[in-house]
Structure formats: structure tokens, C-alpha cells
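Colleague: Once you've had a glance at the structure underneath, I'll fire off some questions.
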Amino acid sequence: AFLAALTLTFVGLAHRNHHFLQEAGGARLHRADSDPAADAHPTLQGGRGGEVRRSPDDADLKLTRRLPDPALQGAACSPGDPGYQEGQVAAVLVLCYNRPRYLERTLGTLKKRLLARSLKQKFPVYVSQDRRAQNLTGPALATREVIRRFESTDGGKAEGGFIAARLERDPQFVSLPPPKTPGHLHNYFHLSGHYKWALTQMFDCRRFPKVIILEDDMLISADFFSYFEGTHRLLDEDPTVYTISSWNDNGFAEYAGNPAEVFRTDFFPGLGWMMGANLWRELKFKWPRAFWDDWMREPAQTKGRSSVVPEVSRNANFGQERGASGNEDPMRAHVSRVVKNEVFVNFSERNLTEELALGAYRKRLQERIRRSTLLANLELAVPLSGVTRDCRIAYASKWELEDMLRFLSLAPLSHGMARGSFDGVIQLRAGRNRLLFIVPGHNQTQQKV
């Protein structure tokens, strides 16, 4: 009772004294329960972290999303499986709520990729469903039935025996959003709480050293697990690596063409990503009540570390019918343009720890930029398919960079940072072996052409 009263006191203070405009993002899994046509039109509550400005009434949520959540403290471990076993690379955690058709597609592809290369033991699959009421009904109940079909070992369905364990967040660990939270933001709180609970189950209860997080609207490539098998050691061996993602925010067909290329980015992309137990220990006690992915991008969490991503994404996101921000969600078009890799690459044959070592990687990047041709304007590099040598274009200000991003149809700045950038540099594929670099002004070291 004391903790509840204290929490309400802090919420009240935050509502009176703090205002902000928070970017949208990261609550795509949860469909509005009140929508009678929900199964026909799945609502993606949040989109992909676009530059969506909320109304002034929402401005006081910045601090409330960081307050401790009493319902998340001491979450009990779900029984039923032994957890981590020697020889496993990482657990695969699929989060869902009430989109049965989406989940069936995602699990079907996941099963196909794992069984095709006998990887089921290396990457055990856990499906976590959020449960906001004691008795599931409608689409949420149908979602549970989809999970049970993939979990079943009775031979009744071809997909039986695929899932290591089914997890359900007990309603006692589902807390309500702070008072006066607008209804269209509630799902951001539900999703962040579900993430916290499910990651607790995987890291603290089952003791997995690494977890790959997927959502219920992602189709993975044939080499998705090869990618993580080749990169997972970076989380053990390189303290400058924050997370590993299978998603390139700039991975459009016209800008991504080398399926073997892997690079660093200072912008956390999410969407099919791996985190290690060490990072979880850093973050779990301050996990936010909402907007978890925006929070993951803040300097207080990243601490100067980079995420590792492939040039060509290893998953496609198909759940884009509707978003919490309405039909004007600016990120929906960007997400739908990202292409999934179709060429198998065996990443386990490479020493990516050496290739991506921070010092050597930065030096190699700077040298390639130095040797590139400096362009006077972007029009000289468009279309990129006609570029015959490495080129670069320099920006002198944030506003100039924003203009370049718009010209190239890239996503707008988020948290003052360009998606996919490293040290302020964005690299885009320009033809088979050429790159276009968008660089800060201090990289202007040659005569413009």
C-alpha cells in the first residue's frame, strides 16, 4: 500500500510539473480490445518509432514512463521447462497478444527455418502471450490456440512439438497505465510491461545468456539463424557492442545490395534483435513503463555502444495495416520498403569479432570515406545505381541532413540521430561495389566535383 501511494504521488508530481513530446514507437503488438472489427483489421499500436508528435495532453508522460512499476517487481517464474542447456546459442522469444493470423505466419516461417537446418536444439523457441484478464476471449483466445497447435506433440497437427514452452503473463503482473493517460497510449504501457516480464522469464528464470526477440508480425530469412550464429559471440567478446539486430532501417532495395555486409550503427534498430544477459542486468531495474524502444536509444542506456546490423535485413515486417498514430504514421511506409534477404550467407565461417572490432572498423571506414569523391550535391549521385565509384556528400547542420534524408526518402531523424548512422555517417549501397557516404561537415577533405 505504501509503494502504491508513493507511486501515485510521483505520478501526480510528474503530471503537474513536466511536459514533453514523445516519439511514437514499439507497441505494435497490441490491438485495441474495444475494436469490434479487430480481427479483420489488426491494429498495430505504435508503428516503428516515427517522428509522431502527440497532443499537448500527452506531454506529461515522460517521467511517468520511468517510474517503478509495482506489478513488475518480483514476477514469478513460469514453470514447465529446464531453461538454458549447454550448447544452445540463444533462446528465441516471440511476443504476441491477440493477432492469431499474424502469429501463425510468423511461427510457420520460424519453424521452417529451424527445421530445415536442424537448429531446433541450438535455438529453442518460447512464445509469450500477454494476458490482461483471467479468461481470454475472442482473438486473444484464438491466438492461444495457435500457440498450442505449434506446441502440441500429440501428432494431431504437422506443426506439433516445435515450441519449447508457451508463456503467459499472469494478469496479476499487468499494471494499469498512470492516471489520466490517454486511451490511445495504453498499449504502449502494456507492451513495455510484457517485454519486461518475458525477458525476466528468459534471463532470470531460465538463465539464458542471450535471447533473440521477435514479434508476431515478422518473417525471417533462410539465413536468419546463420547470421546470429556468426554474430552472437560479439556480445561476449566486444564490450562496445550494445545489441545485434537482423534489421537495417535503411535496407531498401535501392540502398542495400550486399547480403554479406555487416556494419555498426549508433542507432538501436530493434525488430528481430538479440541482447545478452549482461545488458539485461544493466537495464532490468530501470526498465520503462512505456516506450521501451525509444528508451533503449537514449545515451543513458547505450553508453556509446553500437548495434550490429546486416546491410540486407534478415526479416520482413508485414503487420502494417493500422497504427496507434492513425493513418498518418510516417514510419509505416519506410518499414514496408525494407527488403528481406533471399541469398543464403554462412556467417559462422567468418571472424566477425575481428572484422567489427571498433578501432579497426572505424579506421577502415574513415579511410574509405577519405578515398571517396566529394560531391557538391546529391543530384550528382542519383540514381545510385549509376554511381561508378565511392562518393560522399557532406552536411553542415542538422537541417541540411534532414533535407538530404527527405531527398533520399529515408526516415527522419530520431533522438537527433539518423537511423543506421555510425559516428554521424550514413552509408548506402550505390551499385554492386560502391557506397555513398553521407558525412558530417568535418569530413570535407577533398575538392568538390
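The values are calculated or read from the model by the stated rules, or taken from the named source; none is laboratory data. Remember, predicted model here, so these are calculated numbers, not experimental data. Counting neighbours? That spans all protein chains shown, and the Cβs are built from the backbone with ideal geometry, glycine included. Surface accessibility is based on the protein's heavy atoms, side chains included, excluding ligands, DNA and RNA. Shrake-Rupley method; radii C 1.70, N 1.55, O 1.52, S 1.80 Å.
Colleague: Pick from Q88, Q73: which is over 18 Å from M218 (Cα atoms) and modelled with pLDDT of 95 or more? Give the derivation first.
Modeller: Details: Q73 fails: modelled with pLDDT of 95 or more.
Of the residues listed, the single one that is over 18 Å from M218 (Cα atoms) and modelled with pLDDT of 95 or more is Q88.
Colleague: Would you check which residues across segment 178-200 are open to solvent by 10 Å² or more (accessible area, probe 1.4 Å) and either of a type in the set (G, A, S) or within 30 Å of Y84 (Cβ to Cβ) (or both) and list them?
Modeller: Selection gives G183, F189, H190, K196, T200.
Colleague: Here's a check for you: in segment 414-442, which residue that is at pLDDT below 90 and in contact with a strand residue (DSSP E or B) (Cβ under 6 Å, 6 or more places away or on another chain) is nearest to E400 (Cα to Cα)?
Modeller: So, considering only residues that are at pLDDT below 90 and in contact with a strand residue (DSSP E or B) (Cβ under 6 Å, 6 or more places away or on another chain), the one nearest to E400 (Cα to Cα) is G441.
Colleague: Something else: Can we say F203 is closer than 30 Å to G431 by Cβ and either open to solvent by 10 Å² or more (accessible area, probe 1.4 Å) or at pLDDT 95 or above (or both)? Walk me through it before giving the result.
Modeller: Details: closer than 30 Å to G431 by Cβ: no; either open to solvent by 10 Å² or more (accessible area, probe 1.4 Å) or at pLDDT 95 or above (or both): yes.
When the stated conditions are applied, F203 does not pass them.
Colleague: Residue by residue through segment 407-440, note down the ones that are surrounded by fewer than 15 Cβ atoms within 10 Å (Cβ to Cβ), closer than 25 Å to V335 by Cβ and more than 23 Å from the chain's Cα centre (by Cα).
Modeller: Hit for segment 407-440 is F407, nothing else.
Colleague: Go through (1) touching a Phe, Trp or Tyr at 6+ places or on another chain (Cβ under 8 Å); (2) small (G, A, S); (3) open to solvent by 30 Å² or more (accessible area, probe 1.4 Å) for A277 and report which single condition fails.
Modeller: (3)
Colleague: Return the total of residues in segment 260-276 being under 13 Å from N250 (Cα atoms), of a type in the set (F, W, Y) and either modelled with pLDDT under 95 or not in a loop (DSSP other than H, G, I, E, B) (or both).
Modeller: Residues meeting the conditions: 1.
Colleague: Considering only segment 349-363, how many residues are of a type outside the set (A, V, I, L, M, F, W, C) and surrounded by 17 or more Cβ atoms within 10 Å (Cβ to Cβ)? Before you say what the answer is, go through the steps one by one.
Modeller: Filtering segment 349-363 down to residues of a type outside the set (A, V, I, L, M, F, W, C) leaves 349-351, 353-355, 359, 361-363.
Adding the requirement that they be surrounded by 17 or more Cβ atoms within 10 Å (Cβ to Cβ) leaves 361.
Result for segment 349-363: 1.
Colleague: I'm checking my understanding of the structure. Among residues of segment 145-199 that are farther than 30 Å from W295 by Cα and aromatic (F, W, Y), which one is modelled with the lowest pLDDT?
Modeller: Ranking the qualifying residues of segment 145-199, first place goes to F162.
Colleague: Here is a further query. Is it fair to say Y188 is among the aromatic types (F, W, Y) and over 13 Å from L93 (Cβ atoms)? Don't jump to the end; show me each part of the working.
Modeller: Working: among the aromatic types (F, W, Y): yes; over 13 Å from L93 (Cβ atoms): yes.
Yes: the conditions hold for Y188.
Colleague: Filter segment 371-398 for residues that are out of contact with any strand residue (DSSP E or B) (no Cβ under 9 Å at 6 or more places or on another chain) and not small (G, A, S); which is most open to solvent (accessible area, probe 1.4 Å)? Walk me through it before giving the result.
Modeller: So the first thing to find is which residues in segment 371-398 are out of contact with any strand residue (DSSP E or B) (no Cβ under 9 Å at 6 or more places or on another chain), and the list is 371, 379, 382-383, 385-386, 388, 397-398.
Those left that are additionally not small (G, A, S): 371, 379, 382-383, 388, 398.
Working: R371: 150, E379: 105, V382: 70, P383: 87, T388: 109, K398: 106 Å².
It comes out as R371.
Colleague: Further question on the same structure: What do you reckon, is S226 surrounded by 19 or more Cβ atoms within 10 Å (Cβ to Cβ) and more than 30 Å from V382 (Cβ to Cβ)?
Modeller: Yes, satisfied.
Colleague: Report, by residue number, each residue of segment 113-139 that is open to solvent by less than 10 Å² (accessible area, probe 1.4 Å) and closer than 14 Å to P100 by Cα.
Modeller: Passing the criteria: V127, S128, Q129, D130.
Colleague: Another question about this same structure. Please enumerate the residues belonging to segment 295-309 that are within 14 Å of P239 (Cα to Cα) and either open to solvent by 20 Å² or more (accessible area, probe 1.4 Å) or assigned to a helix (DSSP H, G or I) (or both). Quick ask: steps written out before the conclusion?
Modeller: Taking segment 295-309 first, the residues within 14 Å of P239 (Cα to Cα) are 301-308.
Correct list: Q301, T302, K303, G304, R305.
Colleague: Can you name the residue in segment 140-156 that is polar (S, T, N, Q) and without any contact (Cβ under 8 Å) to a residue 40 or more places away in the chain and is also surrounded by the most Cβ atoms within 10 Å (Cβ to Cβ) among such residues? Quick ask: steps written out before the conclusion?
Modeller: First, pick out the residues of segment 140-156 that are polar (S, T, N, Q): 143, 152-153.
When the remaining residues are screened for being without any contact (Cβ under 8 Å) to a residue 40 or more places away in the chain, the result is 152-153.
Working: S152: 15, T153: 10.
Going through the qualifying residues, I end up with S152.
Colleague: Can you say whether E282 is surrounded by fewer than 23 Cβ atoms within 10 Å (Cβ to Cβ) and either touching an Asp or Glu at 6+ places or on another chain (Cβ under 7 Å) or within 14 Å of V312 (Cα to Cα) (or both), as far as the supplied structure shows?
Modeller: No; evaluated as a whole, the condition is false for this residue.
Colleague: Would it be correct to say that L271 is in contact (Cβ under 8 Å) with a residue 24 or more places away in the chain, at positive phi and buried (at least 17 other Cβ atoms within 10 Å of the Cβ)? Outline the logic, then answer.
Modeller: Numbers: in contact (Cβ under 8 Å) with a residue 24 or more places away in the chain: yes; at positive phi: yes; buried (at least 17 other Cβ atoms within 10 Å of the Cβ): yes.
Spelling it out, L271 is indeed in contact (Cβ under 8 Å) with a residue 24 or more places away in the chain, at positive phi and buried (at least 17 other Cβ atoms within 10 Å of the Cβ).
Colleague: Need at least 2 residues that are touching a Gly at 6+ places or on another chain (Cβ under 7 Å) and in contact (Cβ under 8 Å) with a residue 12 or more places away in the chain per element, so show me which helices (runs of 4 or more DSSP H) inside segment 325-440 make the cut, counting only ones lying wholly within it. Before you say what the answer is, go through the steps one by one.
Modeller: Numbers: elements: 331-337, 352-355, 358-371, 398-407.
The qualifying helices (runs of 4 or more DSSP H) are 331-337.
Colleague: Are there any helices (runs of 4 or more DSSP H) wholly within segment 186-243 with 3 or more residues that are out of contact with any Gly (no Cβ under 7 Å at 6 or more places or on another chain) and within 27 Å of E104 (Cα to Cα), and if so which? Outline the logic, then answer.
Modeller: On the way: elements: 186-199, 224-231, 234-237.
Once the helices (runs of 4 or more DSSP H) in segment 186-243 are filtered for at least 3 residues that are out of contact with any Gly (no Cβ under 7 Å at 6 or more places or on another chain) and within 27 Å of E104 (Cα to Cα), what remains is 186-199, 224-231.
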